[in-house]
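The values are calculated or read from the model by the stated rules, or taken from the named source; none is laboratory data. Every value quoted in this text rests on a predicted model; they were computed, and no experiment measured them. Neighbour counts run over all protein chains shown; Cβ positions are idealised from the backbone, glycine included.
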């Protein structure tokens, strides 16, 4: 049974696994992403994900645009005009001093494998399921293409593929991690920007990296989706960002839509009770 809301201290055990392994996930350190897109290519190659259109978007070097049924890893390129501060290039004839410069923020986005996964909650066929590693996977042979999962994702990750009408998204390489192999994207990343491992270890490592960056002069460095008290209960794929989440096209305060389901049902039941009471009162009043 899936849980519609509330904390899940061990998602795999709550999903019915008696003795699950540690929860596994991704930590993406965007501060060392070089935008090479090796992760995008490796993901497509390993999972046989079809091309996403070869469309020129004119958005820096980003021609993928976003995640979808045919894009399970998306490298975003954000160009910012930021003060670079006092710099001495060490090259003769190069002026030193305060100047404006352009910085690129690069980030490899992926399905978040949420602790409280709205897509999982609303799936009517059981096509979406929680694995023993705490990840969320779609079974295409069970998916009926209803599309309920699409609006249930606060990140716009999951989508239907035009060729078959079924929902597709990142599986965190379920077929690989079940054989103690690293997911294809993390395996291909040349800078170790994408790190895979037990989620608790990744969170501890990530916090140390944030502290290091802040000390080095990056005060906006922050973790995104590592907090179990956020609107999705924390995520199995979280990120170190160098600016606000919305700069990267990520929602600043994501909330799983099914979180308030019970409250909505209670309000609906209360309203129905009020109307029923008014109806009974009106009926009895007419009989008098």
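Residues in the range 116-132 that are buried (at least 24 other Cβ atoms within 10 Å of the Cβ) and either at positive phi or part of a loop (DSSP other than H, G, I, E, B) (or both): 116, 117, 123. Please verify whether the range 4-20 includes one or more residues that are within 18 Å of the chain's Cα centre (by Cα), farther than 24 Å from residue 191 by Cα, surrounded by fewer than 14 Cβ atoms within 10 Å (Cβ to Cβ) and modelled with pLDDT under 95. Yes, the conditions are met somewhere in the range 4-20. I need a count of the residues in the range 212-241 that are farther than 19 Å from residue 252 by Cβ and crowded, with 22+ Cβ neighbours inside 10 Å. Count: 1.
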